[in-house]
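Bear in mind that the values in this text are calculations on the coordinates, not laboratory data. All of these numbers come straight from a predicted model, not from anything done at the bench. Cβ placement follows ideal geometry from the backbone for every residue including glycine, while neighbour counts extend to all protein chains displayed.
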Amino acid sequence: MSHTRDDRDDSRIVAASLEDTEAFGELFRRHAPRLHAYISRRLGRTLADDLVSETFTTAFRRRDRFDGRTDFGAWLWGIASNLIAKHHRQETRMYRAFARTGVDPAEDAVAERASDRASAAALGPRLAKALASLRPQDRNAVLLLAWGEMSYAEIAAALDLPLGTVKAKIHRARIKLRSALPKEHNDG
């Protein structure tokens, strides 16, 4: 997720923001773009704008409780994950609509290259249906891995779960997702 040097810098910035509230803006600059891209992919752009704002508002309000034992990014993503969980019905509806129509509500985030878009278009509805069928916490863990590009340890910290539980949730989700894909896409 982030480099050790950045983690220490983030902790110093949080501490500095207790005296100089403007310092917290640097944390927004560092973390908001990636967080926004992830939430957009999960819930769509409209909710992403609101949830990124709410995530940082919550983090700012609670910054005096940040003790530095956890990396700031994991702490922030944990806040965002809790907020996303409140919107799991919207996310499930979005995946079901994608599965039904084949139109990805977050299409601009699907892929940069035409070949990736073609592949995503072919697999998208099946994958969306499978994602909609996952338990919300399993879906959250697998999407933090895939779209959030977080490690298992970072996911465990963000979701405040034991590492083994995270691994089990991702394993369960992968099995279900693989079963939704055509055989030629299961070879990786």
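So here's what we get for this one:
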{"read-out": "Listed residue (L177, A157, N140) projecting farthest to the positive dipole end of region 136-186, Cβ model", "value": "L177"}
{"read-out": "Per-peptide average of other Cβ atoms within 10 Å, ordering 59-67, 24-32 highest first", "value": "24-32, 59-67"}
{"read-out": "Table column - 3J(HN,Hα) (Hz), region 15-32, Karplus curve with 6.51, -1.76, 1.60, x for Gly and Pro", "value": "4, 5, 5, 5, 9, 10, 4, 4, 4, 4, x, 5, 5, 4, 4, 6, 10, 4"}
{"read-out": "Calculated from backbone phi, Karplus (6.51, -1.76, 1.60) coupling profile of region 59-69 in Hz, x at Gly/Pro", "value": "4, 4, 5, 9, 4, 5, 8, 6, 9, x, 5"}
{"read-out": "Calculated from backbone phi, Karplus (6.51, -1.76, 1.60) coupling profile of region 47-56 in Hz, x at Gly/Pro", "value": "5, 4, 4, 5, 6, 5, 4, 5, 4, 5"}
